[in-house]
């Protein structure tokens, strides 16, 4: 019932951004640490962030669309 996936896939799909967008409203964030592209740790953290820049949001929405909605919006 569970299929383990890598953090990089989660990040590239846009879900990491989406989850953190929601968590920021409550003063929380998921943090992923990396060293040379290799994930070395991940943890929840308290933060003062309350959202992302317009550029980050545009990129995040685009990733979500490309990953999950592409087939839904495909022209017939």
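The set of residues in the stretch 19-34 being exposed (fewer than 15 other Cβ atoms within 10 Å of the Cβ) and in a helix (DSSP H, G or I) consists of 19, 22.
Between residues in the stretch 1-18 that are farther than 24 Å from residue 51 by Cα and residues that are in a helix (DSSP H, G or I) and at pLDDT below 90, which pairs lie under 7 Å by C-beta distance while being six or more apart or on different chains? From the stretch 1-18, no pairs qualify. Can you name every residue in the stretch 2-29 that is touching a helix residue (DSSP H, G or I) at 6+ places or on another chain (Cβ under 8 Å) and at positive phi? Once the filter is applied, which keeps residues that are touching a helix residue (DSSP H, G or I) at 6+ places or on another chain (Cβ under 8 Å) and at positive phi, the stretch 2-29 yields only 14. For the stretch 35-76, the set of residues classified as in a strand (DSSP E or B) and either closer than 12 Å to residue 17 by Cβ or at pLDDT 90 or above (or both) consists of 35, 40, 41, 42, 43, 44, 45, 46, listed by residue number.
The values are calculated or read from the model by the stated rules, or taken from the named source; none is laboratory data. Just so it is clear, the structure is predicted and the values come from calculations on it, not from any experiment. Neighbour counts run over all protein chains shown; Cβ positions are idealised from the backbone, glycine included.
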